[in-house]
Amino acid sequence: MIRHFCLCFSLALVLAAIPSRAANRPHAGTDGQSKMVWTNDDLNKLHNLGLISIVGRDADERPISAPAPAQYMKTEDPGWYAEQAAILRDELEYRQGQLRDYRQAVDDARSLKESTGGIDLADEDFAATPEAGIEILQQRVSETQSELAALEDLARRNDIEPGALRGQ
């Protein structure tokens, strides 16, 4: 076993030390010629003699492309503004109704009247006191009003008629 290992190791050393004859010979197709740098003038001469061909379009023969179809821009569509404004107005009305009902429930509780139903404030914020609940609902109303104002501002910047936001 050791003899086999020594033989393989010795063979590997000998092969690594002997330079490859293929590396010293000229490669196929070069025939010992020196390297040449081709210029545009050289290429033109070869092309004129029919020794070179160019595949593809010439720079002067560019096809005339059709204009690209206009992309749909939702911010330039009055219908989109009407839909978004309707969604925000519905949300604003819902939030104002929540605030009104909550205030009524707080007033009923203070006067020891019987109140019906309630509003889930735990989905986003938690109100520890009735006043904090009112504040949370007022904040939600204000956020919705701000979103509607931002939509109106975007419509103004994109030259959308004011009536489009009202669905007119």
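The values are calculated or read from the model by the stated rules, or taken from the named source; none is laboratory data. On a predicted model such as this, the values are computed, not experimentally measured, just so you know. Heads up, the Cβs are rebuilt from the backbone with ideal geometry, glycines too, and the neighbour counts pull from every protein chain shown. Each accessible area value is taken on the protein alone, full model and side chains, heavy atoms only, with ligands, DNA and RNA left out. Shrake-Rupley method; radii C 1.70, N 1.55, O 1.52, S 1.80 Å.
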Selected residue (criterion: surrounded by the most Cβ atoms within 10 Å (Cβ to Cβ)) from residues of the stretch 151-168 that are within 12 Å of ALA86 (Cβ to Cβ) and of a type in the set (A, V, I, L, M, F, W, C) | LEU165
When (1) on the phi < 0 side of the Ramachandran plot; (2) at pLDDT below 80 are applied to GLY117, the one that fails is (1)
Cβ-Cβ below 6 Å, separation at least six or inter-chain, first residue in the stretch 69-91 and under 13 Å from GLU152 (Cα atoms) and polar (S, T, N, Q), second at pLDDT below 80 and open to solvent by less than 60 Å² (accessible area, probe 1.4 Å): which pairs?
-> none
